[in-house]
Amino acid sequence: MTMNTTLPTAGKSRLSLFGGLHKQREIGLIVIIALIFVVMSFTSPYFLTWANMKAMLLSFSIEGIVVIGMTILLIVGGIDLSVGAVVCLSMVVAGQLFLSGIDPWLASLGGIVAAALVGLLMGLTVTKIGLSHFIASLAAMVIVRGLCMIITQGTPLSLFTLPASFKFLGQGALWGIPFVIILFFVLVALFDFLLRKATLFRKVFYTGSNERAAAYSGININRIKLWVTVLTSTLAGVAGIIYMARLGSATPTFGVGMELNVIAAAVIGGASLKGGTGSILGAVLGVALLSIVTSSLILINVSVYWQDLIKGLILLAAVSIDHLLNKYRAA
C-alpha cells in the first residue's frame with residue numbers, strides 16, 4: 001500500500017503564499033544591505049576594502065554553518081538553544097582526543113559524532129517523551145556545558161601542535177580566498193538546493209506548516225523531527241572543528257551566546273518561530289546583515305555596549321515582523 005505524501009490543497013496554498021513572502025523578505029534584506037554599503041562607503045574609507053570584506057565574510061562563515069541547521073530546524077517547527085554548547089563540545093572532545101595521541105582527523109570525527117549524539121538524544125526526548133524542542137535543547141545546553149567543563153577541568157586546551165594540513169581547514173586559502181568561506185558557500189548551495197528540490201526536505205516544510213495534515217498524508221513527522229534535530233547538532237559539530245582548526249585551541253566556555261546570534265540570523269532571514277517557512281538564502285542574508293552591522297558599528301567607533309543594544313533591537317524587529325506575518329497567515 002502506497003502512502004499519499006501530497007500536501008492537502010490548503011497546505012499547498014500556504015506554502016505558495018509564504019514562498020512569495022520569502023522572496024519579498026530576501027529582496028528587502030538585499031536592499032537594506034545595499035543601503036548600508038552605500039552609507040558606510042561614505043562614512044568610513046576602510047569599509048569597502050578587501051581586508052574588511054574578508055574579515056566580515058570570515059566572521060559569519062563558520063557561524064553561518066550553524067545557521068543553516070537552525071533554519072531547517074525552525075522550518076520544521078523546532079528550535080535549538082544548545083548549538084553554542086554543542087560547538088564547544090565538538091571542539092573539546094576533538095581537542096582532548098588529539099592530545100591523547102589520536103590523529104586529528106579521527107579526533108575531529110569523534111567530536112562531530114559527539115555533537116550528533118547530543119542531537120539524537122534531544123530528538124528522542126522530543127519524539128518519544130513529547131518534550132518541546134525549547135525545553136529539550138535548554139536542558140541539553142546546560143548538560144553539554146557541564147560536560148565541556150568536566151572534559152577540560154575548566155582549563156582551555158592548547159592545540160598549537162595541530163599539523164598544518166589540519167589547520168588549513170580554518171586558516172588556509174584557495175586562490176586567495178579563505179577556505180572557510182568557500183566551504184560555507186558550498187554548504188549553502190547544497191542545502192539550498194536540497195531544501196528547494198529534494199522530496200525529503202520538502203517534507204520538512206509540510207511538517208512545520210501543518211503537522212496534522214502532514215501525518216494524514218503519510219509523512220512520519222517524528223522521523224522528520226528527529227533527523228532534522230540530529231542534522232542541526234551535526235552541523236554545529238562541524239563548525240566546532242573548523243573553529244578549533246582556526247583558533248588552535250579549545251576553550252570550555254566557547255560559543256556562549258552563539259545560539260542567540262544564530263536564531264536571530266535565521267529569523268531575520270525569514271524563518272518563522274512557528275514553523276513552516278524559511279530559506280537558506282534568507283538565513284545567509286540574515287547572518288550577513290548582522291555581521292555588516294557589527295563591522296559598521298566598530299568602524300564608526302560605537303561602544304560595544306551599544307552594539308548589543310542595536311543588535312537586540314534588530315532581533316526584536318525581526319520577531320515582530322514574524323509575528324505579524326503569522327497573524328496574516330491565520331486571518
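Here are the numbers:
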{"item": "Scan of segment 268-281 for residues that are surrounded by 24 or more Cβ atoms within 10 Å (Cβ to Cβ) and either at pLDDT 90 or above or not in a loop (DSSP other than H, G, I, E, B) (or both), ordered by number", "result": "Ile268, Ile280"}
{"item": "Meets criteria (within 28 Å of Thr152 (Cα to Cα), at pLDDT below 95, open to solvent by 30 Å² or more (accessible area, probe 1.4 Å) and part of a helix (DSSP H, G or I)) for Leu58", "result": "yes"}
{"item": "Any hit, segment 197-208, residues being part of a helix (DSSP H, G or I), hydrophobic (A, V, I, L, M, F, W, C), open to solvent by less than 10 Å² (accessible area, probe 1.4 Å) and more than 30 Å from Thr152 (Cα to Cα)", "result": "yes"}
{"item": "Hey, Ser165 in contact (Cβ under 8 Å) with a residue 24 or more places away in the chain, out of contact with any strand residue (DSSP E or B) (no Cβ under 6 Å at 6 or more places or on another chain), assigned to a helix (DSSP H, G or I) and among the hydroxyl-bearing types (Ser, Thr, Tyr) or not", "result": "no"}
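A quick yes/no check of all residues on (1) open to solvent by 10 Å² or more (accessible area, probe 1.4 Å); (2) within 21 Å of Ser82 (Cα to Cα):
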| residue | (1), (2) |
| --- | --- |
| Ala213 | yes, no |
| Thr229 | no, yes |
| Thr234 | yes, yes |
| Val262 | no, yes |
| Ala266 | no, yes |
| Ala283 | no, yes |
| Ser291 | yes, no |
| Leu299 | yes, no |
| Ile314 | yes, no |
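Residue-wise test of (1) over 19 Å from the mean Cα position of the chain (by Cα); (2) polar (S, T, N, Q); (3) open to solvent by 30 Å² or more (accessible area, probe 1.4 Å).
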position	(1), (2), (3)
Gly95	yes, no, no
Gly111	no, no, no
Leu117	no, no, yes
His133	no, no, no
Met149	yes, no, yes
Gly154	yes, no, yes
Leu162	yes, no, no
Phe166	yes, no, no
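The values are calculated or read from the model by the stated rules, or taken from the named source; none is laboratory data. Computed from a prediction, not measured in an experiment: that's the story for all the values here. Glycine also receives a Cβ, built like all others from the backbone with ideal geometry; neighbour counts cover every protein chain displayed. Areas reflect the complete protein model, heavy atoms only, side chains present, ligands, DNA and RNA absent. Shrake-Rupley method; radii C 1.70, N 1.55, O 1.52, S 1.80 Å.
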